[in-house]
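Asker: To start, I am sharing the structure in question, which I have written as C-alpha cells.
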Amino acid sequence: MKTTASEKKKPFIIALMTVGIVLAGLLFCYFQFRPQPEQGEKEISVEVVYEDQSSENSTIKTSESYTIRTNAEYLEQALEDAKGLTIEGSRTKQFGLMIESVNGVEAVYDKNQACWAIEVDGKPCNYGVSQQPVRNGEHYRLVYTAASMP
C-alpha cells in the first residue's frame, strides 16, 4: 500500500500544532501569574551596599538606606522618587535600565568586572529595575557585586 504525500506530512502537522498549543498555554500562564504592580501609595526601603572597603585587619561594607514613599508601579520609577539617590545606566528596549552607577559609584562589568545586583526582601530579584513591581513594605537592596574569579 502506497502512502501519499499528505499522509507523510500528517505527523509533522500534528507535532507542530501540539507545540503551538503548548506555547500558547505557557504564554497564558505567564501573563496570568506574573507579579502585578500594586496601585496607590507605597512605602518601601532601599539599601545601597557599596563595594568592600578593606583595611589591614578587616573588610567593611558601607551602606546607605532610603525610605521612599511613592505611587510608582515599578522599582525604577520609585528610585527616581528617592531624595539623595542617583541611578544611572544604559537602556535597552527589551530589558529597560541596566544600572551602571549608584550615587556615583560605577559598576560596569566591561570596565571593573562588577555589577549592581538587586535583591527583594533578601532574595535575588527575578526582574530588572524597570520591570520589578513595587509593593508596599518591601525592602530592596542594590548591592555592588564584584565578579568572582575562578
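The values are calculated or read from the model by the stated rules, or taken from the named source; none is laboratory data. What you see is a predicted model, and the numbers here were worked out from it, not measured in a lab. Virtual Cβ from ideal backbone geometry, glycine too; neighbours counted across all protein chains shown.
Asker: Could you check how many residues of the stretch 117-150 are modelled with pLDDT of 95 or more and among the aromatic types (F, W, Y)?
Answerer: Looking only at that region, the number is 1.
Asker: Checking K2 against (1) within 30 Å of N136 (Cα to Cα); (2) loosely packed, with under 10 Cβ neighbours inside 10 Å; (3) modelled with pLDDT under 80: exactly one of these is not met. Which one?
Answerer: Only one criterion is unmet by K2, namely (1).
Asker: Does E76 satisfy the criteria of being within 17 Å of V46 (Cβ to Cβ) and part of a helix (DSSP H, G or I)?
Answerer: Yes, satisfied.
Asker: Tell me whether the stretch 19-29 contains one or more residues that are at pLDDT below 75 and within 28 Å of Y109 (Cα to Cα).
Answerer: So far as the stretch 19-29 goes, no, none of its residues is at pLDDT below 75 and within 28 Å of Y109 (Cα to Cα).
Asker: Condition test on D110, is it modelled with pLDDT under 95, in contact with a strand residue (DSSP E or B) (Cβ under 6 Å, 6 or more places away or on another chain) and among the charged types (D, E, K, R)?
Answerer: Spelling it out, it is not the case that D110 is modelled with pLDDT under 95, in contact with a strand residue (DSSP E or B) (Cβ under 6 Å, 6 or more places away or on another chain) and among the charged types (D, E, K, R).
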